[in-house]
Amino acid sequence: MTGPDKPAAGSSAVLDTESTQPGSDADFVADRERSFFSRLYTGTGAFEIVGRRRMWYGITAAILLVCLASIGIRGFTLGIDFEGGTQMSVPVVSSEVTAEGVEEVVTSALGEEPESVQTAGSGGSETVQVRTETLDLAQAESVTRALSDRFGPELSPAEVSISDVSSTWGREITEKMILALAVFLVIVFVYIAVRFDREMSIAAMASLFFDIVCTAGIYSLVGWEVTPATIIGLLTILGFSLYDTVVVFDKIAENTRSVLQTTRRTYAEQANLGVNQTLMRSINTTVISVLPIIALMIIAVWLLGVGTLKDLGLIQLVGVIVGAYSSIFLAAPLLATLKERRPDVARHTERVLRRRNGLETGTADEQRPVRGRRRATGSAVVDTDDADRAVPTGKRRRNR
């Protein structure tokens with residue numbers, strides 16, 4: 001290594017990474033010697049996420065296939081608000097009132113099986129929810145009397161709650177849901193296109209598409225009814241996913257602002273550094289968001305028996321986790337892939353890799369003069385070339 005300690009007068013030398021000014025980008029090296037949690041908290045660029053994008057693409061594709069298969073084969077159990085019909089709520093006033101027993105009574109009274117029978121709530125608030133096609137007054141009274149005769153005297157006819165929802169109302173709800181989702185996606189695309197660039201808009205939209213399909217697929221696998229609360233939860237978690245993606249993209253944009261003017265690192269390496277620097281923030285935000293949702297599901301659903309909140313809780317729990325995954329392991333790698341399709345970024349990547357291979361073999365820059373600023377060190381003037389003597393991604397080296 002050429003050192004500036006005692007150079008000959010009038011001579012010049014090229015400083016390597018150890019001799020460059022502290023605090024410059026050339027001082028960054030990937031620190032992989034620390035413990036896992038130390039690297040996680042310091043964001044040194046040691047986690048190779050963008051560089052292993054093919055693996056993450058494969059995992060993402062597998063998740064999408066499973067979710068799409070579930071949606072296509074199992075479909076969704078649409079709630080009464082979307083399909084219309086009659087819903088009966090039978091309180092569990094004794095151990096004899098079970099979902100199987102209620103289904104048997106309703107089938108016998110109507111001559112056909114109900115569309116769905118499930119238990120909601122717990123303890124004194126536990127009920128059996130029965131959904132059927134729209135019943136007229138005579139049919140409703142017949143079912144109520146049959147339930148009272150079977151589970152009486154603990155269960156009286158007045159305790160059986162019956163409500164009707166028309167199919168027109170369900171159709172209106174569905175149309176408004178689709179319209180709200182379309183408006184949301186258009187606004188998101190325009191915002192990111194104005195705030196960042198086209199490639200980031202495409203990557204963010206792909207991330208949101210993954211969030212929608214994955215969350216819907218898991219909901220299909222679970223088999224819970226899709227209610228208006230489900231749609232509200234879906235729009236909420238899309239907003240969370242967008243926020244997390246914007247945070248990651250903002251750091252990547254900051255790191256890659258002048259990447260084409262140097263040959264230190266490729267765009268993908270700078271993007272990977274940005275992901276590492278925001279990784280702990282994404283994890284913390286996800287954990288902070290998940291804990292209240294879990295508390296909601298435990299307290300409201302299991303303890304208080306508010307069954308309507310379980311739809312909102314499940315979709316938010318799944319959506320928050322999926323949104324964090326997509327912003328880190330899908331949006332950022334996809335952004336790097338799209339950027340590398342641009343001719344200027346592709347040429348820059350080739351220059352970086354060619355120079356790096358040359359440094360490893362000791363043949364780099366043999367045919368071109370050394371460029372850089374001149375810096376006085378003692379009695380000599382030393383040429384530095386920070387743009388060509390740096391080491392890829394990582395942390396800022398401390399002076400000792």
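Can you work out which of the residues in the stretch 185-209 that are within 17 Å of the chain's Cα centre (by Cα) and within 30 Å of Glu83 (Cβ to Cβ) is most open to solvent (accessible area, probe 1.4 Å)? Per the criteria, the residue is Phe209. For Val160, the conditions (1) open to solvent by 60 Å² or more (accessible area, probe 1.4 Å); (2) over 30 Å from Ser241 (Cβ atoms) are fulfilled apart from (1). Within the stretch 81-104, is there a residue that is in a loop (DSSP other than H, G, I, E, B), free of Cβ contacts under 8 Å to residues at least 60 places away in the same chain, charged (D, E, K, R) and open to solvent by 60 Å² or more (accessible area, probe 1.4 Å)? So far as the stretch 81-104 goes, yes, one or more of its residues are in a loop (DSSP other than H, G, I, E, B), free of Cβ contacts under 8 Å to residues at least 60 places away in the same chain, charged (D, E, K, R) and open to solvent by 60 Å² or more (accessible area, probe 1.4 Å). In this structure, Ala180 does not qualify as in contact (Cβ under 8 Å) with a residue 24 or more places away in the chain and within 17 Å of the chain's Cα centre (by Cα). May I ask you to verify whether Thr132 is open to solvent by 40 Å² or more (accessible area, probe 1.4 Å) and either in contact with a helix residue (DSSP H, G or I) (Cβ under 9 Å, 6 or more places away or on another chain) or hydroxyl-bearing (Ser, Thr, Tyr) (or both)? No, not satisfied. For the stretch 105-116, residues that are open to solvent by less than 40 Å² (accessible area, probe 1.4 Å) and closer than 26 Å to Thr230 by Cβ total 3. Taking (1) touching a residue at least 60 places away in the same chain (Cβ under 8 Å); (2) hydrophobic (A, V, I, L, M, F, W, C); (3) buried (at least 19 other Cβ atoms within 10 Å of the Cβ) in turn, Trp224 satisfies each apart from (3).
If the condition is being touching a Lys or Arg at 6+ places or on another chain (Cβ under 7 Å) and either part of a helix (DSSP H, G or I) or surrounded by 23 or more Cβ atoms within 10 Å (Cβ to Cβ) (or both), then the stretch 260-279 contributes Tyr267, Gly274, Gln277, Thr278.
Every residue, every condition in (1) in contact with a Ser or Thr (Cβ under 8 Å, 6 or more places away or on another chain); (2) in contact (Cβ under 8 Å) with a residue 24 or more places away in the chain; (3) among the aliphatic types (A, V, I, L, M), yes or no:
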site	(1), (2), (3)
Tyr57	no, yes, no
Ile63	no, yes, yes
Pro114	yes, no, no
Thr132	yes, yes, no
Asp136	no, no, no
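Out of all the residues in the stretch 231-245, is one or more more than 25 Å from Ile328 (Cα to Cα), out of contact with any Lys or Arg (no Cβ under 9 Å at 6 or more places or on another chain), hydroxyl-bearing (Ser, Thr, Tyr) and open to solvent by 30 Å² or more (accessible area, probe 1.4 Å)? Checked the stretch 231-245: no residue is more than 25 Å from Ile328 (Cα to Cα), out of contact with any Lys or Arg (no Cβ under 9 Å at 6 or more places or on another chain), hydroxyl-bearing (Ser, Thr, Tyr) and open to solvent by 30 Å² or more (accessible area, probe 1.4 Å).
Those strands (runs of 3 or more DSSP E) of the stretch 110-204 in which 1 or more residues are at pLDDT below 80 and out of contact with any Phe, Trp or Tyr (no Cβ under 6 Å at 6 or more places or on another chain) occupy 116-120, 161-165.
The values are calculated or read from the model by the stated rules, or taken from the named source; none is laboratory data. Since the structure is predicted, the reported quantities are computational estimates derived from the model, not experimental observations. Counting neighbours? That spans all protein chains shown, and the Cβs are built from the backbone with ideal geometry, glycine included. Each accessible area value is taken on the protein alone, full model and side chains, heavy atoms only, with ligands, DNA and RNA left out. Shrake-Rupley method; radii C 1.70, N 1.55, O 1.52, S 1.80 Å.
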